[in-house]
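A short worksheet on the structure shown next.
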Amino acid sequence: MQVPEIPSPPLREPILTIPGAMVALLVVMAAIHGVRALLPIETDQEIIWTFGFVPARYDASVLAGQFPGDSGAQVWTFLTYAFLHADFSHILFNMMWMLPFGSALARRFSPPRFFVFLAVTAIAGALAHLITHQHEVAPMIGASAAVSGAMAGSIRFAFQSGSFLSFGRGDADAAAHIPALPLWTSLKSPRVLGFLAVWFGINIVFGVGAIAVGSAAQSVAWQAHIGGFLAGLCLFSRFDPVPRAISQDNTANAPRPTDAPDSR
């Protein structure tokens, strides 16, 4: 007599699932900060001035060679500033915000697309800081412009029906591939508008995140946040591999099929 097979119990879904690209970003950020913590203060300051974003570096009235890195730093610091943080609380704050929003994007994008998107938003943040802080000598550091860009990109699809920002649910992959509505259609959503109002209010009034390290005190470079956010919001469609959803406005104006011929 054949003994019936006893079905094996279903595998338990992992409590926390973070995309590999997001894990790699967290590891790189933490490793850089950890190595800097072991360096002498003088060496760490040299790193900040070489790889931090200094608006005065682009001021023609400033003597050449005043800042470390020379002409090369005028190029790479548009991005490298995002890998440096002032202290442990600074990097912890940025990574805690990056984790949910960055994970949603990492599930939707391929790793190269994900990293390029964050790089573009970081560069946009540096440009916004340069425009609003001309002649500023204090170096700006911190990944918050890229964090802001990830938040902006995520809300393009996170408020769709059936989608959410999550990294602890097994169906997060499916939810991250909900088609995004066109920009102007998504901006009509009360939830998106509410999120934007709160986000801009926090950044303008309190200004938490990216930091410009000055000789006397640390000031918040909130303009860089807005630059990264606007870049992520407007450029998301250029990176999104998921076919875009049809807006309700377009659906209402679309031509309707004629009635089927009478079969009688």
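Rounded if a/c is under 1.5, else prolate if a/b is larger than b/c, else oblate: which is region 88-141, with a ≥ b ≥ c the root eigenvalues of its Cα gyration tensor? Judged from the Cα gyration tensor, region 88-141 comes out oblate (a/c at least 1.5, b/c at or above a/b).
Multiplying the residue separation of Val27 and Ser189 by 0.36 nm and removing their Cα-Cα distance gives an extension gain of 54.8 nm. For Leu230, the solvent-accessible surface with a 1.4 Å probe is about 80 Å², rounded to the nearest 10.
Rolling a 1.4 Å probe across the protein heavy atoms gives region 22-167 an accessible surface of 42 Å² per residue. Heavy-atom accessible area with a 1.4 Å probe sorts Leu99, Leu39, largest first, into Leu39, Leu99.
Between Ala86 and Ala197, the contour length at 0.36 nm per residue exceeds the alpha carbon distance by 37.2 nm.
Indicate the gyration tensor shape class of region 33-102 (rounded, prolate or oblate), computed on the Cα atoms with a ≥ b ≥ c the square roots of the eigenvalues: a/c under 1.5 is rounded; otherwise a/b larger than b/c is prolate and the rest oblate. Note, shape of region 33-102 comes out oblate.
The values are calculated or read from the model by the stated rules, or taken from the named source; none is laboratory data. These numbers come from a predicted model, not from an experiment. Side chains included, ligands, DNA and RNA excluded: accessible areas come from the protein's heavy atoms. Shrake-Rupley method; radii C 1.70, N 1.55, O 1.52, S 1.80 Å.
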